Amino acid sequence: MKRAIVFLFILGLLLGNAPQVYAKNNQRCNSQNFCTFWQGNPAIPRSIQGTITAFCTGSGITVDTGAGLVSVYGIGPWWYWDAQQMDRPKVGDTVSIDAQDVPLSTGVETFAIAITINDETIQLRDGTTGCPLWQGCRKWNK
């Protein structure tokens, strides 16, 4: 029983610090990033401005641009936003989004690269590779 409590305590410390290890101050790994999200799926840059009307599955939001509704995916986990010292968006927030339209087998999906809310910008993905910045360093396959 005592071992289990000690194990859970140590595990809690390790997991509790994981966001800071991987995403503190938007630092990137010095090693080459091997994420190939855009590879084979050429992305088309896009700017989106509007008001958030809803949250959708897949860590996404729906934005009313005035000309229609746009679903934007990949806004990242809560702890990444917290590590960047920025509040996650809420329904009703006015946002400006740098995004990429990516053709997938299920159709074209729009992924957030960076989001600006109230003159504060958070970088979410590498614009070249499409890698989520919250994934941290990938040091395998060198």
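The values are calculated or read from the model by the stated rules, or taken from the named source; none is laboratory data. As the structure is a computational prediction, the values presented were derived from the model and not from experiment. Here the Cβ positions follow ideal geometry from the backbone for every residue, glycine too, while neighbour counts run over all protein chains shown.
The set of residues from region 76-98 being within 13 Å of THR121 (Cα to Cα) and of a type in the set (A, V, I, L, M) comprises MET86, VAL95, ILE97.
Condition (residue is without any contact (Cβ under 8 Å) to a residue 12 or more places away in the chain and of a type outside the set (D, E, K, R)) applied to region 43-56: is it met by at least one residue?
As a first pass, look at region 43-56 and keep what is without any contact (Cβ under 8 Å) to a residue 12 or more places away in the chain: none.
Scanning region 43-56, I find no residue that is without any contact (Cβ under 8 Å) to a residue 12 or more places away in the chain and of a type outside the set (D, E, K, R), so the answer is no.
Tell me, which residue of region 58-76 that is closer than 24 Å to THR129 by Cβ and among the polar types (S, T, N, Q) is modelled with the highest pLDDT? Filtering first and then ranking leaves SER71. Kindly check whether there is at least one residue in region 124-136 that is at pLDDT 95 or above and touching a Lys or Arg at 6+ places or on another chain (Cβ under 6 Å). Looking for residues that are at pLDDT 95 or above and touching a Lys or Arg at 6+ places or on another chain (Cβ under 6 Å), one finds none in region 124-136, hence no.
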